[in-house]
Each structure stands twice: as C-alpha cells, then as structure tokens.
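The values are calculated or read from the model by the stated rules, or taken from the named source; none is laboratory data. Just so you know, these numbers come straight off a predicted model, no measurement behind them. We place every Cβ from the backbone using ideal geometry, glycine too, and count neighbours over all the protein chains shown.
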Amino acid sequence: MDPERLVNLRLLLLGDKTESGKDDLISLIVGYAEARLRLLLSQVRVRYGLSALPPGAAIPSDLSWIVDEVTARRFNRIGSEGMSSEAVDGHSMAFAVSDFDDFLPDLNAYVATQEGADHAGKYGRVVIY
C-alpha cells in the first residue's frame, strides 16, 4: 500500500498520522475492500457490455476513494461484525447490509463514461396496456 495513503487512513481512522499500531489491520481491510470493489466493478462493466476486470487489476484511481470510505466503515464496525442493528441504553445503531450499496450509483456512472460502454437498454421504459 502507498505509504501516503496509509498515513491518510491513519488520520481518518485514528485521528493520528503517526499511530502505526493498527497498520496491519488497516491494510487487511483495504485489501478486502479492494477485492470486493473489483468484483462489483467487473459486474457493472459486464452489464454495460464491457469486459470484466482481469484478476488482480488495479482499482481505477477515480474510484480509490470508495475503498477508503468502505475501510472507514469496516474499521469503525470492528467488534460488531454480523450485527444488523444494536441498541444500548437508548442509543441505537443500524448497519448497512452491504458496505458498497451507497456507492453503486457511482460505479454505474463511472462505467457509463467508459469508452465502448453500451447504453442500450440501461434505462427504464414505460409500457401502457
């Protein structure tokens, strides 16, 4: 992982650029988030008539912020894995089913701008009987 990116993630997650005690955990979460984003991006590309990403392909730099956002969500949820909601002393939290659901419109918009993307049939239609 790029050292500058790791420093920025430390600041985002821990509030301290120099606290390196969680670097292995942060790197692990980033790796999982990148793998999942590659899979989702490949699925969206195929829907638009493009080829899937090759295994291990780099995440496009225009989408790397999604990995950082998902990393923050997963890091902040450590200890609460598997829960969909939690309520303690009047304070309640609800977790999304998928950390990437909020970013699907961004993935669709990104792929739609790619050269060769097929837009036919990607929009809804109205049928009146």
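Quick notes on this one:
- The single condition among (1) in a helix (DSSP H, G or I); (2) surrounded by 14 or more Cβ atoms within 10 Å (Cβ to Cβ); (3) at pLDDT below 95 that residue 52 does not meet is (1).
- Beta carbons closer than 8 Å, at least 6 apart along the sequence or on distinct chains, pair a first residue in region 1-29 that is closer than 16 Å to residue 69 by Cα with a second that is among the acidic types (Asp, Glu) for 5/68; 6/23; 8/68; 9/68; 10/16; 10/19; 10/23; 12/68.
- Residue 3 under 30 Å from residue 115 (Cα atoms), at pLDDT below 95 and either of a type in the set (Asp, Glu) or exposed (fewer than 13 other Cβ atoms within 10 Å of the Cβ) (or both): no
- Filter pass, residue 41 being touching a helix residue (DSSP H, G or I) at 6+ places or on another chain (Cβ under 8 Å), over 21 Å from residue 78 (Cα atoms), at pLDDT 95 or above and not basic (Lys, Arg): yes
- Test for residue 49: is it of a type outside the set (Val, Ile, Thr) and closer than 19 Å to residue 30 by Cα: no
- Subset of region 12-24 (residues that are loosely packed, with under 13 Cβ neighbours inside 10 Å and either part of a helix (DSSP H, G or I) or of a type in the set (S, T, N, Q) (or both)): 18, 24
- Selection within region 11-38: residues that are among the basic types (Lys, Arg) and over 18 Å from the mean Cα position of the chain (by Cα). The member of this set that is farthest from residue 73 (Cα to Cα) is 17.
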